[in-house]
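A.B. asks: Got a structure for you, questions after.
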Amino acid sequence: MLLSARMPDLSSLEVLLAIARTGSLSAAGRECGLTQQAVSARVAALERQTGVRMVIRTKTGSRLTEHGVVVAQWADRLLDVALEVDAALATLRGDSKTRVRVIASQTVAEQLLPRWLVTWRGAVTEQGERAPDVVLQVANSERVVAAIRADEADLGFVESPGVPRGLRSSIVARDELVVVVPPGHRWARRGQPITPDELARTALVTREEGSGTRNFLTGALGRVSSTPPAAPALELSTAAAVRAAVLADAGPAVMSRLTVADDLDLGRLREVKVDGLTLCRGLRAVWMGARTPPAGAVRDLLSHIATVARSARLAAGSR
């Protein structure tokens, strides 16, 4: 049920109560931090809005009418509740500054968030403030989106292509997927890239359905190949399990370069190029609500991540 246009605002009711307590417009003004003229104008506006005369002005002071006394009694109860709500909102604002619930896809949670959180904590501590508490969950991108929509987390990070419907988002990092095989695999000995059709026909070791990496690969292949994708050789729930299966020669996999960088550098895995297939992607932060991230720890963390990203780009450009 909507309130009518006759319902006064809380500040006008505070002025009315001050007049009831002090018996004077000037004294009520001093209590509310207003001039006598401003109090008089507030009372006139209140009476016009409600259609009820509430204050009688005399040379010796001011007093409430019978109707004004009744309205003041109601206002006293209403303002008590408003003070409780105001205090509760202040507590929630405090919570938003000191605690943040984060849910992230595995690549972000394992490869990027630890550094972001450590440097953020250090930056906050250097300013003499208490670092916010972070409650972190790890899930696939599909589950991250569901958790944000259900208000089970304040901030999420996903690897899926595109912006999830109904959520706000911002790209916080860039990543590249790579096809990896063990050194003895026939693709590792091949002198030229494979084709997207070959990759689509091959039974891969993959993450489970709902994984951002799997969804991104499906979309990328669908744009350049009409070959129906082969059934997976294995479906596994973690990147670590996929990596272990590839090392055990269970089949090729498409994984984040962030996840397998050490393996590629040390030669434990080999990267296989795919002709005409773009596998670069943005990693997104997602949240509910306004276009601007929620004030408090969420906004502060995203601002820190953006600063880290800018510093990394500047460092890369100077080399």
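The values are calculated or read from the model by the stated rules, or taken from the named source; none is laboratory data. Just so we're clear, the structure is a prediction, and the values are computed from it rather than from any experiment. Note: ideal-geometry Cβ built from the backbone for every residue, glycine included; neighbour counts use all protein chains shown. The accessibility values were calculated without ligands, DNA or RNA, using every heavy atom of the protein model including side chains. Shrake-Rupley method; radii C 1.70, N 1.55, O 1.52, S 1.80 Å.
A.B. asks: What is the sum of charges around residue 63, taking Lys and Arg as +1, Asp and Glu as -1, for the other residues whose C-beta is under 13 Å from the C-beta of residue 63? Show your work: numbers first, answer last.
C.D. replies: Values: positive: 21, 53, 57, 59; negative: 66.
Result for the local shell: +3.
A.B. asks: In addition: Charges only on Cβ, +1 for Lys and Arg, -1 for Asp and Glu: so what's the dipole of the chain about the Cα centre, in debye to the nearest 20? Walk me through the numbers before you get to the answer.
C.D. replies: Numbers: 41 positive and 33 negative charges, 173 e Å.
Result for the chain is approximately 820 debye, rounded to the nearest 20.
A.B. asks: How do 280, 32 rank by accessible surface area computed with a 1.4 Å probe, from largest to smallest?
C.D. replies: On the way: 280 85, 32 50 Å².
Most to least solvent-accessible, the answer reads 280, 32.
A.B. asks: Taking the Cα centre of the stretch 1-89 as origin, sum charge times position over the Cβ atoms of Lys and Arg (+1) and Asp and Glu (-1), and report the length of that vector in debye to the nearest 20.
C.D. replies: 500 debye
A.B. asks: Once label points are set 7 Å from the Cα along Cα→Cβ at both residue 273 and residue 165, what is their separation, rounded to one decimal in nm?
C.D. replies: Label at residue 273, label at residue 165, 4.0 nm between them.
A.B. asks: With Cβ to Cβ distances under 10 Å as the rule, what net charge do the other residues near residue 292 carry (K, R +1; D, E -1)? Before the final figure, lay out the partial values.
C.D. replies: Working: positive: 168, 291, 299; negative: none.
Cβ neighbours under 10 Å give a net charge of +3.
A.B. asks: Under a plain spin-label model, where a point goes 7 Å from the Cα along Cα-to-Cβ, how far apart in nm are residue 69 and residue 235?
C.D. replies: According to this spin-label approximation, the distance is 7.5 nm.
A.B. asks: Determine the share of the stretch 71-177's accessible area contributed by carbon and sulfur atoms, expressed in whole percent, with a 1.4 angstrom probe.
C.D. replies: Working: 3130 of 6010 Å².
So the carbon and sulfur contribution to the accessible surface is 52 percent.
A.B. asks: Counting only protein heavy atoms and a 1.4 Å probe, tell me what percentage of the stretch 15-58's accessible area is made up of carbon and sulfur. Please list the in-between numbers first.
C.D. replies: Numbers: 1130 of 2230 Å².
After summing per-atom areas, the C and S share lands at 51 percent.
A.B. asks: Hey, can you find the accessible area per residue of the stretch 168-297 for me, probe 1.4 Å, expressed in square angstrom?
C.D. replies: On the way: 6250 Å² over 130 residues.
Roughly 48 Å² per residue, with all protein chains present.
A.B. asks: When the convex hull of the Cα atoms of the stretch 113-181 is projected onto a plane and the area is averaged over all directions, what value comes out in nm²?
C.D. replies: Numbers: hull surface 26.1 nm².
Its Cα hull, projected and averaged over all orientations, spans 6.5 nm².
A.B. asks: Could you calculate the FRET efficiency of residue 82 with residue 41 from 1/(1 + (r/R0)^6), where r is the beta carbon distance between them and R0 is 30 Å, rounded to 0.05?
C.D. replies: Efficiency for this residue pair is about 0.85.
A.B. asks: Let me ask something additional. What residue among 54, 255, 288 shows peak mean-square fluctuation when the chain is described by a Gaussian network model with Cα springs under 10 Å?
C.D. replies: 54
A.B. asks: Roughly how many Å is it from the Cα centre of the stretch 257-304 to that of the stretch 1-22, as a whole number?
C.D. replies: Value for the Cα centre distance between the two parts: 52 Å.
A.B. asks: Run the 1.4 Å probe and let me know the accessible area of residue 67, rounded to the nearest 10 Å².
C.D. replies: Residue 67 exposes around 120 Å² with every protein chain in place.
A.B. asks: GNM, the chain, Cα, under 10 Å: largest mean-square fluctuation among 20, 241, 297?
C.D. replies: 20
A.B. asks: Of 146, 163, 132, which is farthest towards the positive pole of the stretch 130-170's charge dipole, taken about the Cα centre with +1 and -1 on the beta-carbons of Lys, Arg and Asp, Glu respectively?
C.D. replies: 163
A.B. asks: Same structure, new question: With a point put 7 Å past each Cα toward its Cβ, work out how far residue 121 is from residue 248 in nm, to one decimal.
C.D. replies: 3.4 nm
A.B. asks: To check you understand DSSP bridge types, tell me what percent of the beta bridges within the chain (both residues inside) are antiparallel, rounded to 5. Write down the numbers at each step before the final one.
C.D. replies: Values: 22 of 36 bridges.
Given both bridge residues lie in the chain, the antiparallel proportion sits at roughly 60 percent.
A.B. asks: Moving on to the next point. Can you tell me the equivalent ellipsoid semi-axes for the stretch 218-319? Use √(5λ) from the Cα gyration tensor, largest first, whole Å.
C.D. replies: Details: eigenvalues 205, 79, 53 Å².
Value: 32, 20, 16 Å, ordered largest first.
A.B. asks: Could you tell me what % of all Cα pairs in the chain have separations over 26 Å?
C.D. replies: Details: 31586 of 50721 pairs.
So the portion of pairs separated by more than 26 Å is 62 percent.
A.B. asks: I want to verify a result. In a Gaussian network model of the chain, Cα cutoff 10 Å, which of these has the top mean-square fluctuation: 168, 189, 21?
C.D. replies: 21
A.B. asks: Still on this structure, please answer the following. Rounded to the nearest 500, what is the 222 nm mean residue ellipticity of the chain from helices alone, with -39500 (n - 2.57) per DSSP H run of 4+ residues and division by all residues? Spell out each step's value before the answer.
C.D. replies: Details: 11 runs with 152 residues, N = 319.
For the chain, the value works out to -15500 deg cm²/dmol.
A.B. asks: Would you work out which of 7, 288, 231 lies farthest towards the positive end of the dipole of the chain? Charges go on Cβ: Lys and Arg +1, Asp and Glu -1.
C.D. replies: 7
A.B. asks: Let me ask you something else. With a ≥ b ≥ c taken as the square roots of the eigenvalues of the C-alpha gyration tensor of the stretch 161-289, please select rounded if a/c is under 1.5 and otherwise prolate if a/b is larger than b/c or oblate if it is not? Mind showing how you got there, number by number?
C.D. replies: Values: a/c = 1.79, a/b = 1.52, b/c = 1.18.
Judged from the Cα gyration tensor, the stretch 161-289 comes out prolate (a/c at least 1.5, a/b above b/c).
A.B. asks: What percentages, rounded to whole numbers, describe P(r) for the stretch 64-198 computed over all alpha carbon pairs with 5 Å bin width beginning at zero?
C.D. replies: So the P(r) values, bin by bin, are 2, 7, 11, 12, 11, 10, 9, 8, 7, 6, 5, 3, 2, 1, 1, 1, 1, 1, 0, 0.
A.B. asks: Taking all protein chains together and a probe of 1.4 Å, list 170, 105 from the most accessible to the least accessible. Intermediate results must be reported in sequence, preceding the final value.
C.D. replies: On the way: 170 50, 105 0 Å².
Listed by decreasing accessible area, they come as 170, 105.
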